[in-house]
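Taken together, the values in this text are just the output of simple stated rules run on the coordinates, not laboratory data. All values derive from a computational prediction rather than experimental measurement. We place every Cβ from the backbone using ideal geometry, glycine too, and count neighbours over all the protein chains shown.
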Number of protein chains: 2
Amino acid sequence: MAPIESLLWRRLRIHQIYGANTDVGKTIFSTFLCNAASNHRGGADRVAYLKPVSTGPGDEADSNHIKRFAPSTSTEVLYQYDIPCSPHTAAIASGRPIPSDHALLRKIQEAATRQAELGPGWLFLETAGGVHSPGPSGTSQAELYAPLRSSVLLVGDSRLGGISQTISSYESLKIRGYDVASVLLFQNDQYNNDGYLEEYFDKHGKIPVTAIPGPPAQHSDKDKDAQALGAYYGNTGSSNKIGKVVESLDKRAQDRISQLESMSERAFKTIWYPFTQQKLLSPGSISTIDSAHGDYFQIYKSQDTTKSSHKSLIQPAFDGSASWWTQGLGHANSQLTLAAAYAAGRYGHVMFAEAVHEPAITLAENLLRGMQNPRLTRAFYTDNGSTGCEVAIKMALRASRDRYGWDVKDKIEILGLKGSYHGDTIGAMDASEPCTFNEKVDWYQGKGYWFDYPTVNCTNGKWVVHVPEPLREHLGDGEEFESLSHVFDVSSRSETAVLQMYETYVQLVLEGLGKQGRKFGGLMMEPVILGAGGMIFVDPLFQRALVNAVRKSAHLIGNAQVQTTSENDWSGLPVIHDEVFTGLYRLGRFTPSSFLGVHPDITVHAKLLTGGLLPLCLTLASDSIFKTFESDDKSDALLHGHSYTAHAIGCNVAVETLNELQTMDMRGDWNWARNSKWKEDAAPSLSQDSAAPPEAWSVWSRDFVTKVSKRTDQVSGVWALGSVLAITMRDADGGGYKSRAATDFQAALKQGEAWSVHSRVLGNVFYIMASQKASQETVEEMERKLLYCLEKI
Amino acid sequence: MAPIESLLWRRLRIHQIYGANTDVGKTIFSTFLCNAASNHRGGADRVAYLKPVSTGPGDEADSNHIKRFAPSTSTEVLYQYDIPCSPHTAAIASGRPIPSDHALLRKIQEAATRQAELGPGWLFLETAGGVHSPGPSGTSQAELYAPLRSSVLLVGDSRLGGISQTISSYESLKIRGYDVASVLLFQNDQYNNDGYLEEYFDKHGKIPVTAIPGPPAQHSDKDKDAQALGAYYGNTGSSNKIGKVVESLDKRAQDRISQLESMSERAFKTIWYPFTQQKLLSPGSISTIDSAHGDYFQIYKSQDTTKSSHKSLIQPAFDGSASWWTQGLGHANSQLTLAAAYAAGRYGHVMFAEAVHEPAITLAENLLRGMQNPRLTRAFYTDNGSTGCEVAIKMALRASRDRYGWDVKDKIEILGLKGSYHGDTIGAMDASEPCTFNEKVDWYQGKGYWFDYPTVNCTNGKWVVHVPEPLREHLGDGEEFESLSHVFDVSSRSETAVLQMYETYVQLVLEGLGKQGRKFGGLMMEPVILGAGGMIFVDPLFQRALVNAVRKSAHLIGNAQVQTTSENDWSGLPVIHDEVFTGLYRLGRFTPSSFLGVHPDITVHAKLLTGGLLPLCLTLASDSIFKTFESDDKSDALLHGHSYTAHAIGCNVAVETLNELQTMDMRGDWNWARNSKWKEDAAPSLSQDSAAPPEAWSVWSRDFVTKVSKRTDQVSGVWALGSVLAITMRDADGGGYKSRAATDFQAALKQGEAWSVHSRVLGNVFYIMASQKASQETVEEMERKLLYCLEKI
């Protein structure tokens, strides 16, 4: 199912006519507009009128009115229903198949394309009823047509109550990202709505308001009626006013295109990009994103420079990095928009120290509940994953220092995994080992020991656990598994000698470090997948073994006399799971910790937490960690805070996101993927145990992953889990962050006549992820594209 | 002007009846509701009906309809206009004085209070027309009544087009923080809007929809009409349905109160608060904020436990810390809400690396332009002040290291001021000297030299610059100034020996540090006011001297051969201004750097940047700093990034905020403060020079500041600038972060029969700040309250 593209052409001015209510004169204004557009350049422009959905008897249809009173206009109706009621009711009553939203949008796009190909001109799209009147499928028009992002003419309501109708309709459009270019309405000397609205819209968005006299009262005599209307449309005053509207629309459309045209150049001059070597950048390599809906960006096609071109200026691109791993519920999801706007309208932001508001407490409680981890009882708010990880580190280090009686001046380090990444603030960086990301950063000073570990990949159709050098002596090069689920069957695998081997290895390392006199204050890791480190899939059994070993090894870490105080107290070291990337269903489960069967003492949550809309982070902690900071001395507290701590917008959007994700999970929205062949893979111990967590699965089909893995000349390994797919491309030079082995593939995906794929790579690792809302059709379309491009390069 | 409080009582159920349009049956549903409420507990509840504003001939008024058909209801109309049109038109036509929004709300509050005092009951407030129909002043009702936050019953539109009207009206309410409890509408067999809306509102917010038959057609015979209506209201089916609505409203109201009642306890159990010693916390000390509007929180009064109490459950409190210094355009400002929602609806969040979108480029350009600093050409986006400061440090250190040929392993430090604060992430903390905030933080390691400096205060009516120990030998204890503006007259003061003395002092220190072999990579400071360090007002001349001296001292810092390449290149060291707190009109000017007459090389902007709504930060830098990171090697780039970099919501809200603040400035919105006696203070060199920056002024009046400063037994110093007022309380123990000298004052302000002040203190420093939207009346009311409480303690 190829995506819909926004409607923008250099030579075709497209406007969508929305009404503040039914019967406010949309068709009358359309008629005026068609005539004015046709006179605009002395008839040089073609004018077309499109009514996507028309209800009521055919011969009274709006398009016939246009034909009659704006005769130089070509008219088209896509769906005609003869029953005079709302399109969704009429569509059902018609007994004909109801077009899907996608089919309707596609037809509009095709109609617009035809017009653009014919030559310079105008296209007016008249909607039905009010802004939220349902389309044939039942979806409200304001919602349905939003991805088209055509400029809007709002016909206001001049009757009693019409001020309210006009403003509310405007707001419903605005919060869906529409740009209202002009408000048009009839004059009404009794209510003078136009006077009020003129002032209002000047203040709110500087939108011009134009009022003309209303049409004559209907005659019973058809001919007289037509004559009166003819005279009405011939009125010079009204025509001149609408002529000016058309001029301003033309100018506005040109401005919009100039703006899009200039943006990448301006960005190139002004923006300092994150993670970007700007010397390798050019204006042409900067994507100008005009809007985004669902899984797709709408990107300005800068290559198009011919002023008279008949080609569309916008092309959809699949958001292959899920906007840096944040996107969960689709771009421009109006459910999240309303959640954000509600919180803004109720609170703005309210200060949080020693205060509480409903979204903040609800989110904290819901997240804690969702984790199903008896250790976690406390929620600390910050702004993003990096700052949330710093808080986690501050928590863990203080707890260990306090328990083991170390001094604040002692050098206390972190245990972690090689290739870990926890963010870009200095404290979070210090928790990762020296690497490309930090080698040139002043003040970076790695403070830790980072373990080697076995990794998982699908190669040539087989799931293999690759063993790292230090363990090969005992375990050989690796182990093959029947399926992905068998890799995750940590409870069966725990009964093998491998777990013991892993634990022994960890304890030997700890012993060695202890002998060097090094002190450690926490074990910190990303469960299952190390993201920025290169989408590395760590053997979950190893992570479990690592936690087990650390928790048993208080004697190797500090004062051997120290005892834990309760079942949920930490032992050995506080275990921190950085779930910023991997949490909240990114890997198919609420928490990836459940894959390991491990209850961490501290967890960090961000990215998907807010469904992909705005930054927010929570660090959860156990009671025993929390208690470390309690004292009669104010300065023993965790003196960390952000001005916008627990900002209401973020909290409310996150509450909505968690609810939606959990509902989708329970409702079985991902069953199309879960119930595909991934399910057949379920390991025996999982499928027999009804209390077992759900199997490992991905929206990327098992067959697709197998196919990719068999391209062994190009691909050294591939894995899929939840919404993520990662392909390690063969690189003669060994790969790494600076590798360019995946860039050919990325470049091939960026091509495409109708749509393309916007992706990011990590050295020789190509990855792609869908939002949790991506449909089966979308994912299948992507699989075909990926295979096609793999074959092509 | 005392603030309005939200309407919530334990024994009075208040509902506001809004219509999806005019003529949808608000009064008919009100009648049903009044009758049902009166039957709800068998007549035990009093029922009242309030029409705040009524238009149309008096004898046809809605309240008469209620009197007639719900006779046990007591009715009241606050403003009656006999002309049948929208209230704002009717109010003008009446020739009577038009009540202000505040006066209207006050009257409603008084009416509700009277009802609550009479006993348990119900109060239905019927609005006029549609949700956005204007009130008497012209303000839309949805906007006007939002601070009351009463539960809403939305009467839907059952006619053709009514689906759209109902949903749009709902959205206009929702984005202003209203909770719609129920949707009511008439059945209509032709359009079946109720069926569609029932499904819609179940999906969107689980709001119950109730439909009953519409009223009989109007009889020309009055008696027959009344008879038909009597029968209509007597209909058992309809009455039962509305009875159920009333039951659910009662339950909902109870739930809301229980929720408010439990929140502080739940927060006490679950939330880990920033900057808070939780052992000193109790549920009772946690403020439950139900909503916020303008400068006021609406706080739940937890002390009220009597179930039958007649006292209101909500009390307004002035947001005295401007929600941790963020608040700029007032809480719940619908202009910002719409800016946020528009961006959410157009983009969601879209990834920013190598991409651009309109709000991001517009904001970057507008902020750079607003700074009027020829050095600044580049904008780097992060999430908050702390991360933005880390980016500034990374920029400066790399630039210095590169120019002076130092190694990344070298210890490179920062020059700063004692008491500086740049945030709580480790990198930002390391730029501050050891102090209470960081002494117990693991991984903190101060990396810098921090200067002593002269400070400014008003004491006993005089503005004094206090000289620190190292400079007293030459300058004495301090210098008295005629006025605040004279302190800021840095250009006249630059011609005195003091500037030279300051510079010499700085250079001597630099020389000493150089001899110790210490390397410095940047000068970083908060211009004019050090916020978290205790609202310390630094002599602006000293900050200017510090910059001058550093810029002249390349030879003392590194390789003496190094030359600057252009006028806008940095020299000596990159100068970083952390304007997070002090910028964007907090101190009355776009940038506080203009007070010093200094062009920094790097600046950091957050807090007010988004008007007080959500986190976002920009670090601006000069071209020469930017160029340091350009190379053919990808890893030389500034490898720093946030997933939500330049999130569209934040950027668009910031664009709106900057526009609004700059418009307010140019329009002279603060002239009431500027043109007060502060203006008389203008130093001669400023008033004569038309090109001079605007004078120093504050919304806190000069006379008020003088008065406070004269309370020398309690106050050791006070200053006011822009919207900030800081009072240093006398503390026998010397003050500091752990001091409790200001807490008595703070506690006194927390009291108040009708409203109170929510404030934060920094040890013995009490501060308060208004939003930039605070009115003269609000500030004057606060001044009276502050003086009253100062006298009382």
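Okay, here's what the table says:
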item	result
7 Å along Cα→Cβ, label-point gaps from residue A:234 to other copies, nm, shortest first	6.0
Cα centroid separation - segment A:271-346 against segment A:126-145, whole Å	25 Å
Ascending list, in nanometres, of distances separating the residue B:139 label from those of the other copies (7 Å, Cα toward Cβ)	3.9
Dipole of the protein assembly as shown, positive direction: furthest Cα of B:297, B:180, B:637, with charges on the beta-carbon	B:180
For residue B:698, distant residues with modelled amide H under 5 Å away	B:722
Share antiparallel - DSSP beta bridges, segment A:334-667, percent rounded to 5	60 percent
Point-charge dipole on Cβ atoms (K/R +1, D/E -1) for the protein assembly as shown, about Cα centre, debye to 20	420 debye
Computed [θ] at 222 nm, deg cm²/dmol, chain B (DSSP H ≥ 4; -39,500 (n - 2.57); rounded to nearest 500)	-11500 deg cm²/dmol
Segments B:448-461, B:17-30 sorted - mean Cβ within 10 Å per residue, highest first	B:17-30, B:448-461
Which of B:105, B:8 has the fewest Cβ neighbours within 10 Å, and the rest in rising order	B:105, B:8
Overall form of segment B:12-258 per C-alpha gyration tensor (a/c, 1.5; a/b vs b/c)	rounded
Neighbour-count ranking [beta-carbon atoms within 10 angstrom, fewest first] of A:493, A:256	A:256, A:493
Counting DSSP beta bridges with both ends in segment B:12-258, the antiparallel % (nearest 5)	5 percent
Relative contact order (%) - segment A:45-136, alpha-carbon pairs under 8 angstrom, separation at least six	40 percent
For segment A:334-667, with +1 on Lys and Arg beta carbons and -1 on Asp and Glu, the positive-most of A:501, A:523, A:464 along the dipole	A:523
Rel. contact order, % - alpha carbon contacts under 8 angstrom, at least six apart, chain B	13 percent
Straight-distance crosslink candidates among aspartates and glutamates, where the alpha carbon sits under 19 Å from residue A:251 and sequence neighbours closer than 8 are dropped	A:45, A:179, A:202, A:261, A:290, B:358
DSSP bridge orientation in chain B - percent antiparallel, rounded to nearest 5	50 percent
Fewest-first ranking of A:270, A:619, using other Cβ atoms within 10 Å as the exposure measure	A:270, A:619
Separation between Cα centres of segment A:557-576 and segment B:524-588, rounded to whole Å	47 Å
Inter-chain Cβ neighbour average for residues A:134-142, partner chain, 10 Å	2
Segment residue A:555-residue A:623, length gained on full extension (0.36 nm per residue, minus Cα span)	22.2 nm
In nm, spacing of pseudo-spin labels at residue A:631 and residue B:190 (7 Å Cα→C-beta vector)	7.7 nm
Dipole moment magnitude, nearest 20 debye, segment A:334-667 about Cα centre, only Lys, Arg, Asp, Glu C-beta charged	200 debye
Interchain or long-range residues, amide H under 5 Å from residue A:417's placed H	A:451
Whether segment B:336-419 is rounded, prolate or oblate, judged on the alpha carbon gyration tensor where a/c under 1.5 counts as rounded	prolate
Other-copy label distances relative to residue B:58, 7 angstrom Cα-Cβ extension, nm	6.1
Size of electric dipole in chain A: Cβ of Lys, Arg +1 and of Asp, Glu -1, about Cα centre, debye, nearest 20	1600 debye
Positive-end residue, segment B:26-163 charge dipole about Cα centroid, Cβ charges, pick of B:97, B:73, B:158	B:73
Lysines whose Cα lies under 24 Å from that of residue A:785, excluding same-chain neighbours fewer than 8 positions away	A:107, A:301, A:311, A:462, A:677, A:707, A:710, A:750, A:773
Estimated distance in nm for a label pair at residue A:659 and residue B:100, the labels positioned 7 Å out from Cα along Cα-to-Cβ	3.8 nm
